[in-house]
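Everything below concerns the one structure shown next.
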Amino acid sequence: MAIAAITCNPALCTGCQVCEFACALAKAKSFDLEIARIRTARPEPDQAVSIACRLCPSPPCVASCPRDALSQDPAKGIILLNKARCSGCGWCIEACEFGAIAMDPSTKSVVICDLCPDLPKPRCLELCPQQALSLSSPAQTAGRNRDRAARRELASP
Amino acid sequence: MTHVTVELFGMSRLLAGQTEVELDLAGGSSLRDALAALAQEHAALVGPVLAPNGGGLHPCYALSLNGRSFAPDLDATLGPGDRVLILSTPAGG
Amino acid sequence: MEPGFRLLVIDLGASSASTQVVPPSYVEHYLGGVGLVVRLLWDYCPPGADPLGPDNPLVFATGAMAGTLVPTSSKHAVAAKSPLTGFVGDSLSGGPWSLAFRRTGYSAIVVQGMAPTPTYVFIDDDTVHFRPATHLWGRGSYETEQLIRKELGDSAVRVSSIGPAGENKVRYACIGNDGTRQAGRTGLGAVMGSKRLKAIAVRGTRAVQVANHDRLVQVSIDLLKRGQGPATEKYRILGTVGNVLSLNRLGALPTNNFQRSTFPGAEAVSGEYLYQRYFRNTSACPACPIACQHNYRVTEGEYQGTRAQLDYESLFALGPLNGIASLPPILRAAQLCDELGLDTISTGVALAWAAECYQRGVLDEVDRGALHPAFGDYEALLRMLPRIATRSGLGDLLAEGVKRASASVGQGSEHWAMHAKGLELPGYEPRTLKTLALGLATGTRGGCHNRSAAYDVDMSGTVDRFRGEVGRGPLAAETEDLAATLDSLILCKFIRRCFDDLYAESARLFSLTTGLNSDAKELRRAGQRVVNLKKAFNIREGWTHQDDTLPPRLFSDPLPDGVGQGVSLGREELELMIADYYQARGWTAQGLIPEKKLRELGMGDIAAQLREVHDGHRRHNL
């Protein structure tokens, strides 16, 4: 199975942050959005998109960790944390260009999307009211974008 | 024959793709018959706007006869030239 | 469990802040939101306070459920004594600010006093900072937000702010948050401006705790799903702008300053056309599945680059009411109003009043030679907006609202000053919606559809909407109570049709959140308390029966066309309904609340204080 990350379609995302709530519920049974592994960005009042770990094949976070606390699951691509090694320095947060890593103040270590391995599918995907989220491999995302481009191209006179 | 016009507003207009639908009904037809005929002609309205099986409208829509009375009796007989309005119920911005 | 609602009391004069706990009885009795802000207003506003003076407090509160997954709970209420009406001023907004504010750990803020120089307040969880805002003074609402975020170096900071209109105390200035949402009505932005308070920035990082987490989550998820169904389709797809054509057909679309109730240009400004031509996407408040905020963009022509949000009220006020039949300038006007911090409804009504003044040759002396508003002239309308916000020329007169403007101009212009109690009327024709006419006349915040919602009765099919009659009193009271309940919980009105039993189900949500016992009956009583509390505030501020009325035009000018042709509102017709309404409320024939009624509702404290004020008046008069 190809590595598939949580991907948000900005055309559908309304910025409702239900994915953040879903994540906090799944991970901490709370409304603590600070530790949500997926976060909604609203760069403009009429634009929003939710972002979780991209499962980069060459993850800068793993490379940046001075204590080798992070590693990547070769099968699923998720970033694994060795809590005992994490000092909470936050260097991985600086390295991640997507802002997909959060600091959990209660454990003083970082948290990253793990695709909810114990659930049939990630909780955020299940609760997103707009069906804006999907699990997509780079190939799937490219395919969708190709389809969209083709539709645009063929629709224009 | 009773000729009536159904005026579509809001979502019903977008779904049907037209603003008015002309219907020729048998004499003595009721409002319910008009809605059934409308459903026949515009299947896209069934579900979101029209209840299936001639059950009237989805609760979020209102029916007006000639723009005056609301939610008229579905079994009321229509007269020639009657105009049936399908409106989404207003609520504030 | 949290120790109740925490209240932050800010004194701008002293740059100090203190934390208090909201008395638990306030939450039990008034729930939160509108109920709570008005209850705090009662405590913190001295009777007879000048709305634009330092004594008038500006109060903010969320509902109990804000910060949770309960759909549409991420909203907040704001209150002060209104500079438009001199009575209770309350308004709702929603969005990320509400959520971030609740997550600071506070549920309410009372802002007192006046800052010596422009200031903004930054509430960073527990810590309150007072920061200079001189460099922000004069800037637009959204620009202010961005600058504050940049200054504080955190995109998670959410900002509620005023634009130039609030700074210049335009009596219908609003308070904007998150770029696109406004606590729009009753001039609360002017109160904020009078305090030299440019903005309230918040950063909240705390998790909201509730009494029964698991059950609340379960119920919320179920409601999230229902919120995606047909019951909210109207708000999700087309938005409330779909009302234009419906109301036009029903003879209920106020046009050319209520001279008529049908608009020949309605198709050109219809929600359907707007959707097909300018719609881009929708945005939602946190935890909301509906996403009612419709975002539009103009991508070509003179108004290219316009990005705006539009709901029915803004569209009606800046469009048909001013005879304007073109969407791009309407979108541009809506965008400008948001930036300048102007309430779109009052702004549109003020401009329409002025247009009629010129039409009748009444305002010729003011601003002679300059542009002047005229029906259908969108360029004049657009040019007037900054002038209102900065109070220049004719704008200074219009910034006072139509009640004061018409009183100062005279010459019969009161006849077409479309307001109730000083608040400009919303976009529903009272002559063809007679129950709504009652709601607008008796509403505590003045001409407002949102607190009354009585048009639901007119559209229900159970009454003759062209005729006011006995029986409407209880019906109008019922819709008003429901609105007060929702506004206090806070749940958005757009989710109201997703419940099978609204009172029972929302009482359950409230109980699961707060741990307080509640049921449908208790929640209804809470709604009644909120309405009575607002009325008590108005009585305290000098309300009399004469204040419950509508503009003369509605009584004397029959509608010229449409299905309402020939219809007007009879004075006796309205009086009859008002008497019926007072009776339904258990008030006196003069509309006063008997002490017994207040005690019956568990509002003995309010009754006692109201009596004190009355006795004081009497002594004073002797």
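The values are calculated or read from the model by the stated rules, or taken from the named source; none is laboratory data. Just so it is clear, the structure is predicted and the values come from calculations on it, not from any experiment. Neighbour counts run over all protein chains shown; Cβ positions are idealised from the backbone, glycine included. To get the accessible areas, we keep the full protein, side chains included, count just its heavy atoms, and leave off ligands, DNA and RNA. Shrake-Rupley method; radii C 1.70, N 1.55, O 1.52, S 1.80 Å.
Figures for the structure shown
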{"quantity": "Averaged over B:10-16, number of beta-carbon atoms from partner chains that fall within 10 Å", "calculated": "6"}
{"quantity": "At R0 = 51 Å, FRET efficiency that the Cβ-Cβ distance of B:Ala76 and C:Asp222 yields, to 0.05", "calculated": "0.85"}
{"quantity": "Environment charge at C:Phe466 (Cβ cut-off 13 Å; Lys +1, Arg +1, Asp -1, Glu -1)", "calculated": "+1"}
{"quantity": "Built amide H within the under 5 Å cut-off of B:Leu57, gap 5+", "calculated": "B:Ala51"}
{"quantity": "Flagged links, alpha-carbon separation over 32 Å, of C:Lys493/C:Lys597; C:Lys169/C:Lys434; C:Lys75/C:Lys234; C:Lys150/C:Lys234; C:Lys434/C:Lys521", "calculated": "C:Lys169/C:Lys434; C:Lys150/C:Lys234"}
{"quantity": "Surface accessible to a 1.4 Å probe, A:Asp147 within the full protein complex, Å²", "calculated": "90"}
{"quantity": "Accessible-area ranking of C:Tyr273, B:Tyr61, largest first, probe 1.4 Å", "calculated": "C:Tyr273, B:Tyr61"}
{"quantity": "Inter-part distance where region C:476-554 and region C:564-603 are each reduced to a Cα centre, Å", "calculated": "16"}
{"quantity": "Heavy-atom accessible area ranking, 1.4 Å probe, most first, across C:Ile200, A:Ile3", "calculated": "A:Ile3, C:Ile200"}
{"quantity": "Chain C: calculated mean residue ellipticity at 222 nm from DSSP helix runs of at least 4, using -39500 (n - 2.57)", "calculated": "-12000 deg cm²/dmol"}
{"quantity": "Net charge, B:Gly67 excluded, C-beta distance under 14 Å - Lys, Arg +1, Asp, Glu -1", "calculated": "-3"}
{"quantity": "Dipole in debye (nearest 20) - region B:2-88, about Cα centre, beta carbon charges: Lys, Arg +1; Asp, Glu -1", "calculated": "240"}
{"quantity": "Given charges at beta-carbon only (K, R positive; D, E negative), |dipole| of region A:55-112 in Debye", "calculated": "200"}
{"quantity": "222 nm mean residue ellipticity, helices alone, for chain A (DSSP H n ≥ 4; -39,500 (n - 2.57); rounded to 500)", "calculated": "-8000 deg cm²/dmol"}
{"quantity": "Förster radius 41 Å - calculated FRET efficiency between B:Ser30 and C:Asp519 (Cβ-Cβ, nearest 0.05)", "calculated": "0.45"}
{"quantity": "Candidate aspartates and glutamates - alpha carbon under 15 Å from A:Lys27, same-chain residues fewer than 8 apart omitted", "calculated": "A:Asp104, A:Asp114, A:Asp118, A:Glu126, C:Asp214"}
{"quantity": "Per-residue average of Cβ from other chains inside 10 Å of C:459-469", "calculated": "3"}
{"quantity": "Point-charge dipole on Cβ atoms (K/R +1, D/E -1) for region C:233-279, about Cα centre, debye to 20", "calculated": "60"}
{"quantity": "Gap separating the Cα centres of region C:138-184 and region B:14-93, nearest whole Å", "calculated": "45"}
{"quantity": "Positive-end residue, region B:2-88 charge dipole about Cα centroid, Cβ charges, pick of B:Leu8, B:Gly79, B:Cys60", "calculated": "B:Cys60"}
{"quantity": "Long-range amide H partners of C:Arg260 with built H, under 5 Å", "calculated": "C:Thr255"}
{"quantity": "Farthest positive-ward along region C:297-378 dipole, Cα basis, beta-carbon charges - from C:Val298, C:Ile330, C:Leu371", "calculated": "C:Val298"}
{"quantity": "Two-site label geometry, A:Arg67 and C:His129: point separation in nm, points 7 Å out along Cα→Cβ", "calculated": "2.9"}
{"quantity": "Unpaired by the 4.7 Å Cβ criterion, cysteines found in chain A", "calculated": "A:Cys8, A:Cys13, A:Cys16, A:Cys23, A:Cys56, A:Cys65, A:Cys86, A:Cys89, A:Cys96, A:Cys116, A:Cys128"}
{"quantity": "Listed pairs A:Lys29/A:Lys121; A:Lys29/C:Lys225; A:Lys29/A:Lys83; C:Lys198/C:Lys535 exceeding 25 Å between Cα atoms", "calculated": "C:Lys198/C:Lys535"}
{"quantity": "Nearest-10 value in Å² for the accessible area of B:Glu22, using the 1.4 Å probe", "calculated": "90"}
{"quantity": "Pairwise centroid distance, computed over Cα atoms, of region C:212-233 with region A:72-130, Å", "calculated": "27"}
{"quantity": "Helix-derived mean residue ellipticity, 222 nm - over chain B, DSSP H n ≥ 4, -39500 (n - 2.57), to 500", "calculated": "-5000 deg cm²/dmol"}
{"quantity": "Shielding by other protein chains, C:230-237, mean Cβ within 10 Å", "calculated": "5"}
